[in-house]
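What follows is one structure encoded as structure tokens, with my remarks underneath.
The values are calculated or read from the model by the stated rules, or taken from the named source; none is laboratory data. This structure is a prediction, so every number in the text was calculated from the model and none was measured. Don't worry about glycine lacking a Cβ; one is built from the backbone with ideal geometry, like all the others, and counts go over all protein chains shown.
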Amino acid sequence: MNSVSDLDSLAGESIVVIGGGFGGLSTACYLADAGADVTLLEKNEQLGGRASTLERDGFRFDMGPSWYLMPDVFEQFFAYFGKRPDEYYGLTRLDPHYRIFFKDGDRVDMVPDLQANKEVFESYEPGAGDKLDDYLRKSERNYRIGMEHFVYTDRTKLTDFIDPVVFKNAWGLSLVGSMQDHVEKYFDHPKLQQIMQYTLVFLGGAPNNTPALYNLMSHVDFNMGVYYPDGGLAGVVDGIVELAEELGVEFHTDSPVAEIAGRRGGFAVRTEDGREFLCDQVVSDADYAHTEQELLPPEKRQYDADYWESRTYAPSAFLLYLGVEGDVDELAHHTLVLPTEWDDHFETIFENPAWPDDPAYYLCVPSKTDDTVAPEGHSNLFALVPIAAGLDDTPEQRRQYRDLVLDDIAEHTGVDLRDRIVVEETFCVSDFAERYNSTEGTALGLAHTLTQTALLRPPHASEKVDGLYFTGSFTTPGIGVPMCLISGQLTAEEMADDAA
Ligand SMILES: Cc1cc2nc3c(=O)[nH]c(=O)nc-3n(C[C@H](O)[C@H](O)[C@H](O)COP(=O)(O)OP(=O)(O)OC[C@H]3O[C@@H](n4cnc5c(N)ncnc54)[C@H](O)[C@@H]3O)c2cc1C
């Protein structure tokens, strides 16, 4: 069980949190529980950040995250406040966890039954079933040690790694080397390698640039399972907002912050419409670069424009939200459609930014599990193609790509949606930039590359401004809903340490 250090020193502080994504919501809960007076200002009309909801003609789409992974992290988050997730939302374990259509016509389901998965592995490569056991044993160990010593514990300095306990536990962990090298040690078959690596897209990385430590994701996916919360990820947002309200957090939506100004002993946070919120401390969950470059004066920034230009951003995405007539029997709740050779797609994300000709993509069909997300007799689905952050997404480009994706779905899954669509919206690079003030329109933030992981990510506490803090996916531990919940805890702990 993760223990949270004492936050009592924050009692009585007045704190403004900028941004109502999972990072901001989580931080606000910890601070309010500690007795701080917390006001959260969110730019958009709803809370949840990248986990916003789109409603059209009886269809309700989760616009961003759709995989509920690491249920233990949610349990620990709620437990800190003396609650359980099921007091706020129910969970259904998905079966299959997901389906993969390989574009050579092959198709495979990964299911909650490990023995069945081992048989699938064995059918591709003799001995691969037992190797899956070995792989998952290691991945489970990495998960246990990694979560305790590296994820729930913020190690901000290199010397922190010299702690003998950490050193002992880090021994044998695959901290260095790439995921590509790690997976190749176990499996020769390219399809098995793809199955072990697809979760990297959640971290915004590619097999050759993501540290091997992240093989812990296979424990998450194979052993812990894939869940659907009632109401989708929006149901989780609602649950955490309800908890935050119980703890006394005050929310203001439609409140884009324009400036963080210093004043004697504290801050004045000004919104675009001229309101001013005075406080002792500020936490920003808005993208780090936006906060530093646009809300602070130049002398108060830790990084310059060159720093932000030189970062590796996690992919943006081309998203196509579709309400369609009838069923889509061939698809599972989570479906991946993968070219057997996917290096070209990763290359168009990280090396040579371009719209991928032969995309690897993800289809989400929540109406398979939840009949409240689509009118009767209809299906709710979205397609997500990871693309490079910063790409131009002109209306013409988006129209062409929409056609390419719908053709590709029909060809490779057998589901022809083209004349059944009743509701349709796209969301892409420029929308991420506009709606969330996202840097380069990245969907996810800073990629977890070898040089942007752990202490190499930007810090929670500003080194230039006392009392200014950062939370959410740009900081540690990083990208993903569970990680952002944990970043709320880490930020609050650092604030409490500084205040003590
Ligand atoms: C398409 C997509 C699919 C994903 N899939 C998954 C998944 O399946 N599972 C998973 O775990 N994770 C997934 N993720 C990642 C996950 O959603 C994010 O890592 C996480 O939600 C980010 O939370 P955050 O708090 O860091 O930032 P955000 O959610 O971006 O929150 C930041 C908030 O700050 C607000 N803001 C910005 N500027 C200002 C300002 N000036 N004033 C006031 N407010 C401001 C923004 O509007 C936003 O609400 C996905 C993300 C996307 C986009």
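Tabulated values for the structure
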| quantity | calculated |
| --- | --- |
| Region 451-500, subset among the polar types (S, T, N, Q) and farther than 26 Å from residue 63 by Cβ, residue modelled with the highest pLDDT | 462 |
| Selection from region 403-462 of residues that are assigned to a helix (DSSP H, G or I) and basic (Lys, Arg) | 435 |
| Flag if residue 266 is at pLDDT 95 or above, surrounded by 14 or more Cβ atoms within 10 Å (Cβ to Cβ) and not aliphatic (A, V, I, L, M) | yes |
| Pick from region 342-355, criterion in a loop (DSSP other than H, G, I, E, B) and without any contact (Cβ under 8 Å) to a residue 40 or more places away in the chain, ranking: surrounded by the fewest Cβ atoms within 10 Å (Cβ to Cβ) | 352 |
| Residue in region 49-60 that is within 30 Å of residue 422 (Cβ to Cβ) and without any contact (Cβ under 8 Å) to a residue 40 or more places away in the chain present | yes |
| Some residue of region 11-25 being away from the ligand (no atom under 16 Å from the Cβ), hydrophobic (A, V, I, L, M, F, W, C) and either in the same structural domain as residue 488 (by TED's automatic domain parsing) or assigned to a loop (DSSP other than H, G, I, E, B) (or both) | yes |
| Residues of region 296-307 that turn out to be within 16 Å of the ligand (Cβ to nearest atom) and free of Cβ contacts under 8 Å to residues at least 40 places away in the same chain, as a count | 1 |
| Check on residue 481, more than 24 Å from the chain's Cα centre (by Cα), in the same structural domain as residue 48 (by TED's automatic domain parsing) and more than 21 Å from residue 323 (Cβ to Cβ) | no |
| Count of residues meeting criterion [buried (at least 22 other Cβ atoms within 10 Å of the Cβ) and within 13 Å of the ligand (Cβ to nearest atom)] in region 29-49 | 7 |
| Subset tally (residues that are in contact (Cβ under 8 Å) with a residue 40 or more places away in the chain and over 24 Å from the mean Cα position of the chain (by Cα)) for region 1-31 | 9 |
| Subset tally (residues that are of a type in the set (S, T, N, Q) and over 22 Å from residue 282 (Cβ atoms)) for region 443-500 | 4 |
| Verdict on residue 442 being more than 11 Å from the ligand (Cβ to nearest atom), touching a Gly at 6+ places or on another chain (Cβ under 8 Å) and either acidic (Asp, Glu) or in contact (Cβ under 8 Å) with a residue 24 or more places away in the chain (or both) | no |
| Scope region 195-232; condition in contact with a His (Cβ under 8 Å, 6 or more places away or on another chain), on the phi > 0 side of the Ramachandran plot and crowded, with 21+ Cβ neighbours inside 10 Å; matching residues | 204 |
| Search result, residues across region 41-100 that are touching a Gly at 6+ places or on another chain (Cβ under 6 Å) and of a type in the set (A, V, I, L, M, F, W, C) | 47, 51, 59 |
| Region 275-334, subset of a type in the set (Phe, Trp, Tyr) and not in a loop (DSSP other than H, G, I, E, B), residue surrounded by the fewest Cβ atoms within 10 Å (Cβ to Cβ) | 307 |
| Some residue of region 284-295 being at pLDDT 95 or above and away from the ligand (no atom under 16 Å from the Cβ) | no |
| One residue from 455, 468 being away from the ligand (no atom under 11 Å from the Cβ), surrounded by 16 or more Cβ atoms within 10 Å (Cβ to Cβ) and over 16 Å from residue 312 (Cβ atoms) | 468 |
| Lone qualifier among 71, 126 - being more than 14 Å from the ligand (Cβ to nearest atom), more than 30 Å from residue 269 (Cα to Cα) and modelled with pLDDT of 95 or more | 126 |
| Test for residue 255: is it under 28 Å from residue 291 (Cβ atoms) and of a type in the set (Gly, Ala, Ser) | yes |
